[in-house]
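Trainee: Below is a structure I'd like to ask you about.
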Amino acid sequence: MDVSQYLEIFIDETNGHLQNLSDCIMSLEKDPENMDTINEIFRAAHSLKGMAGTMGFKRMQRLTHDMENVFQEVRSGNMNVTSGLVDVLFQCLDAIDAYLENVKESSDEGTDDNEAIIQELNDILAAGTGNAPQPAEKPAEKEEKPKEDPSGGRFQKKYHDMDLSEKEKEELRESEEKGMNLYGMTVYIQEDCLLKAARAFLVFKAVEEFGNIIVYNPSSQDIEDEKFGFDFSFYVASETELDRIIEVSKAVSEIEEVVGEKVVYKELTAAAAKKEEEEAAREAEKARQEETAVVPQAQAAPQAKPPQAQANKKQNGGKPVTNRTVRVDIEKLDALMNQVSELIIAKNSLVSIGSTSDGGMGSNSQAFHEQIEYLERITTGLHESVMKVRMVPIESVVQKFPRMIRDLSKKLDKKMELYMTGEDTELDRTVVDQIGDPLQHLLRNSADHGLENAETRKKRGKPETGSIHLNAFQEGNNVIIEVSDDGNGIDTENVKNKAIERGLITPEQGAALSQKEIIDFLFMPSFSMAKQISDVSGRGVGLDVVKSNIEALGGDVEVKSVLGEGSKFTVRLPLTLAIIQALMVEVRNEKYAISLGSIETIEEIMADEIKFVQAKEVIHIRGMVIPLIRLDQLLDCEPEDEEKESLTVIIVRKGDKFAGLIVDELNGQQEIVIKSLGKYINNSTKIISGATVLGDGEVALILDVNTLF
């Protein structure tokens with residue numbers, strides 16, 4: 001049976017189990033006696049083993065099986081959780097993750113048997129149990145328990161009730177004559193399972209490796225359509241022992257129980273004949289009762305039906321409650337977003353036509369304006385709905401960082417702790433997918449360069465354990481992610497000397513640089529302050545990657561540092577990359593768009609109010625001195641013949657910094673669709689972040705004011 005159709009489900013579920021295992025093992029290291037965590041790890045390892053086995057990934061199955069053996073001993077109290085055991089378990093997770101990456105790329109787990117890790121697990125198992133033969137005895141105990149049937153008879157052998165066609169009887173007879181064993185089996189699926197058909201076919205896949213399934217109940221088509229309850233039965237012809245077939249069937253995740261036995265063809269046909277006789281007798285008795293007691297039977301029938309109806313209600317009720325999420329291909333969402341984008345362009349076209357004095361569609365018509373308003377409501381609502389679908393919490397990215405900090409703590413021999421807040425902050429899916437690497441670089445930078453060793457911290461009166469904080473929150477139309485530490489901070493004097501040593505600046509230029517300008521050297525390619533190269537840092541690949549990746553997402557990063565106290569990296573990202581609310585402006589009859597999220601206020605000032613500070617134009621507004629930027633000069637436009645007496649200034653903000661942009665005209669607020677310029681423009685200033693198509697067909701460039709600071 002082809003299981004490739006279940007590959008995506010396997011990848012998603014394995015990712016979930018791996019993250020769950022990582023979180024649980026981290027918790028277990030801090031609280032080794034927590035039985036709930038131990039049981040959860042055992043359950044996740046068991047599920048991984050079963051999924052890998054049914055998909056045919058034997059190496060992954062073997063590794064997770066050995067992990068399961070270790071935790072069986074921990075659960076039984078025969079072994080204690082140690083730091084060494086936790087280290088080996090994390091190696092196991094890394095190995096499974098490597099298998100998973102191979103599966104994603106080639107649908108195959110690869111050829112690495114990870115013998116060294118498996119040997120370490122077995123050594124730990126032997127040392128923890130004193131080489132006692134307990135692990136071999138445990139499975140025997142497990143096999144005996146189902147015979148007691150703790151379910152109170154709930155797991156019935158329903159294959160006895162299957163009706164066999166003449167063709168099926170013939171196949172069973174021929175298989176037995178060839179010397180094969182015939183087994184009847186009934187499989188029970190957990191009632192909270194969401195993918196019953198997938199579980200059933202994974203069982204069939206596992207069983208068919210050992211024999212040939214001859215009879216299904218319900219039919220294979222009904223199983224595929226999920227037209228069955230939470231159990232199914234079948235007859236299989238095999239040369240393998242029944243216990244082995246039951247074992248591989250139970251290994252499939254979310255399978256609650258499997259019951260079965262060896263059957264003989266003659267007994268099967270005899271039972272079928274007896275069943276037919278009993279059925280005929282019941283029909284005859286029913287016909288006799290209908291003739292002699294029509295009314296009592298009419299009263300008895302309703303009493304016989306409710307239990308069945310109630311059973312059906314119990315099976316179907318409750319399923320929609322848990323099945324509230326749908327996995328959606330990101331390409332489908334992108335296509336939907338593109339359609340919304342085109343719809344907004346169409347709406348803007350109608351608005352443009354309606355605003356003309358001689359509009360051909362009757363711009364003065366009340367009905368026309370009502371339709372415009374209706375279309376605007378629809379597009380706005382559709383836009384918001386699509387954006388909500390695209391928004392996902394950054395938790396999916398940051399949840400892997402505690403494990404990374406733990407590993408760095410051991411590798412760098414520094415005590416450190418990661419504190420995270422705001423994991424539920426939501427970002428556009430495309431941003432979340434790409435923000436993981438920059439954040440990882442920043443955290444590694446804090447661990448390696450930021451935090452001092454324990455002795456230095458003690459001398460400075462700091463706690464021996466260094467603190468790294470990752471904080472995410474929403475601010476206007478942006479999401480802010482802060483990575484800070486209480487370490488040494490950035491020694492700007494050392495950075496300046498390094499820049500002079502590399503010939504980037506002269507000593508005279510260095511003396512005139514501000515702290516921010518010196519720190520900016522750290523974001524240059526191949527610029528590293530590490531004294532030696534290691535697998536953590538030192539190759540000059542890090543902060544330059546952070547900056548370029550974040551700027552590619554329309555964001556920016558800034559640094560604040562106090563020597564001896566610590567550093568804070570602030571990453572500012574847009575909530576979405578597709579549609580924004582913008583203020584339309586004109587500079588020399590050219591139209592530009594500025595995101596409303598960056599605008600603080602709009603001011604009308606007189607030309608004689610402009611002052612000069614260090615030969616730069618500034619204005620004084622409400623107690624603040626704000627630098628002025630003339631967009632016509634920045635965009636290299638033709639200068640005006642004469643200075644205007646009154647100037648329109650847009651006050652924009654980035655964090656706690658302000659700037660005033662001088663424009664010629666304001667054209668109002670508009671919802672715009674961002675279109676990438678790709679390689680069509682060589683934008684060395686980075687101020688132009690994209691373009692948009694206006695209602696009249698004109699193209700307006702979008703200005704990224706964050707690049708002005």
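Trainee: Out of (1) modelled with pLDDT of 50 or more; (2) out of contact with any Ser or Thr (no Cβ under 7 Å at 6 or more places or on another chain), what's the single condition that is false for residue 302?
Mentor: (1)
Trainee: From the list 194, 182, which one is of a type in the set (A, V, I, L, M) and exposed (fewer than 15 other Cβ atoms within 10 Å of the Cβ)?
Mentor: 194
Trainee: When the residues of region 80-96 are narrowed to those that are of a type in the set (Val, Ile, Thr) and assigned to a helix (DSSP H, G or I), which ends up nearest to residue 31 (Cα to Cα)?
Mentor: Only one residue tops the list, namely 86.
One line per residue, one yes/no per condition, for (1) at pLDDT below 85; (2) crowded, with 22+ Cβ neighbours inside 10 Å; (3) not basic (Lys, Arg):
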residue	(1), (2), (3)
33	yes, no, yes
39	yes, no, yes
42	yes, no, yes
45	yes, yes, yes
48	yes, yes, yes
54	yes, yes, yes
59	no, no, no
63	no, yes, yes
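Trainee: Given the structure, is residue 696 farther than 22 Å from residue 342 by Cα and not in a strand (DSSP E or B)?
Mentor: No, not satisfied.
Trainee: Between a residue in region 488-511 that is modelled with pLDDT of 85 or more and any residue that is among the acidic types (Asp, Glu), which pairs come within a Cβ distance under 6 Å, given they are 6 or more apart or on different chains?
Mentor: Here the result reads 488/452; 489/565, each pair linking region 488-511 to a residue that is among the acidic types (Asp, Glu).
Trainee: Can you find a residue in region 16-26 that is hydroxyl-bearing (Ser, Thr, Tyr) and modelled with pLDDT of 85 or more?
Mentor: Looking through region 16-26, at least one residue is hydroxyl-bearing (Ser, Thr, Tyr) and modelled with pLDDT of 85 or more.
Trainee: Looking only at region 157-210, filter to residues that are hydroxyl-bearing (Ser, Thr, Tyr) and assigned to a helix (DSSP H, G or I); which one of those is modelled with the highest pLDDT?
Mentor: 175
Residue-by-condition table, conditions (1) crowded, with 17+ Cβ neighbours inside 10 Å; (2) closer than 15 Å to residue 690 by Cβ; (3) touching a strand residue (DSSP E or B) at 6+ places or on another chain (Cβ under 8 Å); (4) not assigned by TED's automatic domain parsing to the domain that holds residue 437:
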residue: 554; (1), (2), (3), (4): yes, yes, yes, no
residue: 563; (1), (2), (3), (4): no, no, no, no
residue: 583; (1), (2), (3), (4): yes, no, yes, yes
residue: 593; (1), (2), (3), (4): yes, yes, yes, yes
residue: 602; (1), (2), (3), (4): no, no, yes, yes
residue: 608; (1), (2), (3), (4): no, no, no, yes
residue: 613; (1), (2), (3), (4): no, no, yes, yes
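Trainee: Now for a different question. Can you name every residue in region 78-87 that is of a type in the set (Val, Ile, Thr) and surrounded by fewer than 19 Cβ atoms within 10 Å (Cβ to Cβ)?
Mentor: 82, 86
Trainee: Step by step: first the residues of region 395-409, then only those that are within 26 Å of residue 489 (Cβ to Cβ) and either free of Cβ contacts under 8 Å to residues at least 24 places away in the same chain or not basic (Lys, Arg) (or both), then the one that is surrounded by the most Cβ atoms within 10 Å (Cβ to Cβ). Which residue is that?
Mentor: Taking the candidates together, the pick is 398.
Trainee: Something else about it: Can you find a residue that is buried (at least 20 other Cβ atoms within 10 Å of the Cβ), in contact with a Phe, Trp or Tyr (Cβ under 6 Å, 6 or more places away or on another chain) and within 23 Å of residue 113 (Cβ to Cβ) anywhere in region 66-77?
Mentor: Scanning region 66-77 turns up at least one residue that is buried (at least 20 other Cβ atoms within 10 Å of the Cβ), in contact with a Phe, Trp or Tyr (Cβ under 6 Å, 6 or more places away or on another chain) and within 23 Å of residue 113 (Cβ to Cβ).
Trainee: Name the single residue that is farthest from the chain's Cα centre (by Cα) among those in region 69-79 being assigned to a helix (DSSP H, G or I) and closer than 14 Å to residue 126 by Cα.
Mentor: If we take residues in region 69-79 being assigned to a helix (DSSP H, G or I) and closer than 14 Å to residue 126 by Cα, then 73 is farthest from the chain's Cα centre (by Cα).
Trainee: Does region 641-665 hold any residues that are without any contact (Cβ under 8 Å) to a residue 40 or more places away in the chain and either loosely packed, with under 11 Cβ neighbours inside 10 Å or not in a strand (DSSP E or B) (or both), and which are they?
Mentor: Scanning region 641-665 gives 641, 642, 643, 644, 645, 656.
Trainee: May I ask you to list pairs of residues, at least six apart or on different chains, whose Cβ atoms are under 7 Å apart, with the first in region 586-608 being part of a loop (DSSP other than H, G, I, E, B) and the second being of a type outside the set (Gly, Ala, Ser)?
Mentor: 588/632; 588/637; 588/638; 588/664
The values are calculated or read from the model by the stated rules, or taken from the named source; none is laboratory data. Keep in mind that this is a model prediction, so the values were computed, not measured. We place every Cβ from the backbone using ideal geometry, glycine too, and count neighbours over all the protein chains shown.
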